[in-house]
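Step one of this worksheet: look at the structure below.
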Amino acid sequence: MTEHKTDAVTGASEVDASSASSLIEETKEEVKSPWPGPKGMIPVTSGKADDANVHNRAYLDNILVEMRVIDAVEPDLTTEIFGRKYASPLTLAAVSHLNKVLSDKSRKPMQEKARAAKNAKVLNWIGMESNEEYHEIVQEGGDTVRIVKPFADHEKIIGELQLAEKLGAVAVGMDIDHVPGTNGKYDVVDGIPLGPITFEDLQKYVHSVKIPFVAKGVLSVRDAVKARDAGAKAIVVSHHHGRIPFGVPPLKVLPEIKEALRGSGMTIFADGSLMSGYDAYKALALGADAVLIGRGILSELLKDGQEATEQKIVKMNEQLLEMMLYTGIKDTKSFDPSVLRFN
């Protein structure tokens with residue numbers, strides 16, 4: 001059977017359209033995808049018990065919110081990240097390779113996303129791209145965080161981090177959760193071997209640049225503390241859209257991580273299929289300083305491009321503001337987890 005490997009959310013894949021079709025023919029289990037583009041390029045969750053996204057969605061949907069409307073005022077979404085001001089704590093997640101997805105090659109969704117983030121005055125993240133493609137994408141956008149893979153070639157890692165710094169990235173980081181492949185060996189993405197990350201490796205990557213370093217894919221207090229001790233200035237609490245089977249929902253472990261990092265000054269991001277401003281509110285109330293939105297904009301981005309993406313950001317901001325006003329949260333520094341009720 002053809003092995004179907006995708007870099008969840010990012011779109012990085014070792015399977016092209018024809019081999020993905022063969023896979024579906026072999027398994028006789030075609031899953032309808034809401035995402036445009038070749039089969040195999042945009043991952044679709046299985047819906048089975050080992051799919052961490054199933055548990056993640058159930059957990060999100062069972063967090064309820066009480067009302068606190070007396071003395072509530074219209075909220076302010078202005079958010080400071082890495083010493084810079086943004087219009088919202090919603091940031092656009094580190095997707096990759098989307099310029100390869102569409103049959104219409106005149107469109108470049110990665111650039112469209114970068115422009116949408118710039119116009120919306122929010123932080124943009126970029127995942128696995130060649131140095132040349134990364135350079136082209138960042139020329140179109142505003143503030144950027146570049147996330148690299150844990151390549152087996154450490155010099156490749158350092159080279160990509162330092163290029164991003166040279167091109168004006170506000171921060172860089174690594175998908176620390178992309179070490180294992182589905183066969184229990186180190187993963188291979190787009191034919192490029194990945195490798196392990198030791199604490200000493202992480203320290204070296206952190207100190208290879210002068211801008212903040214983000215450890216992305218933290219799903220335990222243990223890794224959060226190690227990232228802090230290695231010198232990382234931020235983490236993303238995430239399971240990379242279900243890379244780990246039976247993975248704990250990021251928002252379930254987020255409060256423990258928040259407490260463990262108290263007083264460290266680290267920025268805590270969170271993601272995990274945050275599809276609406278209401279989902280984002282729950283992440284922020286549970287301790288995230290800001291959130292990454294990937295799936296929440298992906299359909300709009302791929303189908304209709306930059307303008308639709310900007311409209312989706314506006315809608316999600318409105319939902320976030322609505323929930324903040326209902327619960328008496330005046331700004332992004334005032335979130336209170338006691339407003340949440342777990343069903």
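Out of the residues in region 162-179 meeting the condition of being under 18 Å from the mean Cα position of the chain (by Cα) and over 18 Å from Arg84 (Cβ atoms), tell me which one is surrounded by the fewest Cβ atoms within 10 Å (Cβ to Cβ). Filtering first and then ranking leaves Val179. Taking region 295-328 as the range and being within 21 Å of Asn62 (Cα to Cα) and either crowded, with 24+ Cβ neighbours inside 10 Å or out of contact with any Lys or Arg (no Cβ under 6 Å at 6 or more places or on another chain) (or both) as the test, the residues that pass are Arg295, Gly296, Met316, Gln319, Leu320, Leu321, Glu322, Met323, Met324, Leu325, Tyr326. Evaluation of Arg107 against the conditions (1) out of contact with any Ser or Thr (no Cβ under 8 Å at 6 or more places or on another chain); (2) modelled with pLDDT under 95; (3) charged (D, E, K, R) shows that the sole unmet condition is (2). Note on region 209-231: among residues that are among the charged types (D, E, K, R) and in contact (Cβ under 8 Å) with a residue 24 or more places away in the chain, the one that is nearest to Ala169 (Cα to Cα) is Lys210. So, in region 149-173, exactly how many residues are of a type in the set (D, E, K, R) and part of a strand (DSSP E or B)? The total comes to 0. Scanning region 184-208 for residues being in contact (Cβ under 8 Å) with a residue 60 or more places away in the chain and either assigned to a loop (DSSP other than H, G, I, E, B) or farther than 17 Å from Asp153 by Cβ (or both) gives a total of 3. If you check Phe213 against the conditions, is it aromatic (Phe, Trp, Tyr) and either loosely packed, with under 15 Cβ neighbours inside 10 Å or more than 18 Å from Ala94 (Cβ to Cβ) (or both)? Considered against the rule, which asks whether it is aromatic (Phe, Trp, Tyr) and either loosely packed, with under 15 Cβ neighbours inside 10 Å or more than 18 Å from Ala94 (Cβ to Cβ) (or both), Phe213 comes out as no.
Can you name the residue in region 303-316 that is in contact with a helix residue (DSSP H, G or I) (Cβ under 6 Å, 6 or more places away or on another chain) and part of a helix (DSSP H, G or I) and, of all such residues, is nearest to Ala114 (Cα to Cα)? Explain how you work it out, then say what you get.
Initially, region 303-316 is screened for residues in contact with a helix residue (DSSP H, G or I) (Cβ under 6 Å, 6 or more places away or on another chain), giving 305-306, 308-310, 312-313, 316.
In the following step, the residues that additionally are part of a helix (DSSP H, G or I) were identified as 306, 308-310, 312-313, 316.
Working: Gln306: 9, Ala308: 13, Thr309: 10, Glu310: 11, Lys312: 14, Ile313: 13, Met316: 18 Å.
Only one residue tops the list, namely Gln306.
Answer yes or no as to whether Gly277 is in contact (Cβ under 8 Å) with a residue 12 or more places away in the chain, farther than 30 Å from Ile158 by Cα and within 16 Å of the chain's Cα centre (by Cα). Can you show your working first?
Details: in contact (Cβ under 8 Å) with a residue 12 or more places away in the chain: yes; farther than 30 Å from Ile158 by Cα: yes; within 16 Å of the chain's Cα centre (by Cα): yes.
Spelling it out, Gly277 is indeed in contact (Cβ under 8 Å) with a residue 12 or more places away in the chain, farther than 30 Å from Ile158 by Cα and within 16 Å of the chain's Cα centre (by Cα).
For first residues located in region 232-257 and at positive phi, partners that are surrounded by fewer than 19 Cβ atoms within 10 Å (Cβ to Cβ) and lie 6+ apart or on another chain with Cβ distances below 6 Å form the pairs Gly242/Asp51; Phe246/Asp50. Please go through region 118-134 and pick out each residue that is in contact (Cβ under 8 Å) with a residue 40 or more places away in the chain and closer than 21 Å to Val236 by Cβ. Correct list: Ala120, Val122, Leu123, Trp125, Gly127, Met128.
May I ask you to verify whether Asp153 is surrounded by fewer than 23 Cβ atoms within 10 Å (Cβ to Cβ) and at pLDDT below 95?
Details: surrounded by fewer than 23 Cβ atoms within 10 Å (Cβ to Cβ): yes; at pLDDT below 95: no.
Answer is no for this residue.
The values are calculated or read from the model by the stated rules, or taken from the named source; none is laboratory data. Model, not experiment: these values are computed from the prediction. When we count neighbours, we look across all protein chains shown, and the Cβ atoms used for this are built from the backbone with ideal geometry, even at glycine.
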